[in-house]
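The values are calculated or read from the model by the stated rules, or taken from the named source; none is laboratory data. Fair warning: this is a prediction, and the values are worked out from it, not measured in the lab. Neighbour counts run over all protein chains shown; Cβ positions are idealised from the backbone, glycine included.
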Amino acid sequence: MSLLVPTEFPFDPHWAMSQSHIAFWELFPTLDHPVPVARGGADEESNWVSTSMLHNSAKANGTLDELGWTLVPPGDHTRWDGLTGWFVEHLRTHPEMLTDPYLARWFRASAEIRSELP
């Protein structure tokens with residue numbers, strides 16, 4: 001989105017909150033560890049969850065129990081895909097945007113996932 005409307009939807013590659021639209025912090029998925037690696041948790045799939053940058057930053061090295069947080073069950077990507085469908089179709093109709101390596105990586109991953117959908 002920031003490439004389409006950079007003034008209205010700015011993004012900072014170093015995640016400076018003052019330079020990025022708050023939606024990036026609230027909605028952009030990141031990987032987090034329910035048992036923080038700094039506190040003995042393993043950096044492996046069994047200790048990975050997705051969350052927003054905002055929640056990841058707020059959690060820091062705290063545990064879910066310490067914060068009083070609980071995990072939400074995974075959603076069903078076949079019922080709701082966020083903007084993934086729009087993203088794939090937009091880049092298919094605007095292939096010049098695929099010159100951006102970051103977008104190209106997301107496009108390949110998203111298109112692959114969407115091809116698995118019924």
Could you check the range 83-102 and list, in sequence order, the residues that are within 29 Å of ASN47 (Cβ to Cβ) and surrounded by 12 or more Cβ atoms within 10 Å (Cβ to Cβ)? THR84, PHE87
Need pairs with beta-carbon distance below 7 Å; first residue under 17 Å from PRO74 (Cβ atoms) and within the range 28-47, second surrounded by 12 or more Cβ atoms within 10 Å (Cβ to Cβ) and aliphatic (A, V, I, L, M); sequence gap 6+ or separate chains. THR30/MET53; ASP32/VAL49; PRO34/VAL49; PRO34/LEU64; ASN47/VAL35
As an exercise: evaluate ASN47 against (1) in contact with a helix residue (DSSP H, G or I) (Cβ under 7 Å, 6 or more places away or on another chain); (2) surrounded by 14 or more Cβ atoms within 10 Å (Cβ to Cβ); (3) over 27 Å from LEU4 (Cα atoms) and give the number of the one condition it does not meet. (1)
Does ARG79 fit the bill of being basic (Lys, Arg), loosely packed, with under 14 Cβ neighbours inside 10 Å and farther than 24 Å from MET1 by Cβ? no
Members of the range 6-34 found to be part of a loop (DSSP other than H, G, I, E, B) and surrounded by 14 or more Cβ atoms within 10 Å (Cβ to Cβ), listed by number: PHE9, PRO10, PHE11, TRP15, SER20, HIS21, PHE28, HIS33, PRO34
Is it fair to say LEU103 is on the phi < 0 side of the Ramachandran plot and in contact (Cβ under 8 Å) with a residue 60 or more places away in the chain? yes
Would the range 79-93 turn up any residue that is out of contact with any Phe, Trp or Tyr (no Cβ under 8 Å at 6 or more places or on another chain), outside any helix (DSSP H, G or I) and among the hydroxyl-bearing types (Ser, Thr, Tyr)? no
Could you check the range 53-106 and list, in sequence order, the residues that are touching a Ser or Thr at 6+ places or on another chain (Cβ under 7 Å) and at pLDDT 90 or above? ASN56, LEU64
Give all pairs with beta carbons closer than 6 Å in which a residue from the range 69-87 that is outside the structural domain of ARG105 (by TED's automatic domain parsing) meets a residue that is surrounded by fewer than 10 Cβ atoms within 10 Å (Cβ to Cβ); count only pairs at least 6 apart in sequence or on separate chains. none
Counted residues, the range 59-76 - those being more than 17 Å from THR30 (Cβ to Cβ), in a loop (DSSP other than H, G, I, E, B) and of a type outside the set (S, T, N, Q): 3
Close pairs (6 angstrom Cβ cut-off, 6 or more residues apart or separate chains): free of Cβ contacts under 8 Å to residues at least 24 places away in the same chain in the range 1-26, assigned to a loop (DSSP other than H, G, I, E, B) and of a type in the set (Asp, Glu) anywhere: GLN19/ASP12; SER20/ASP12
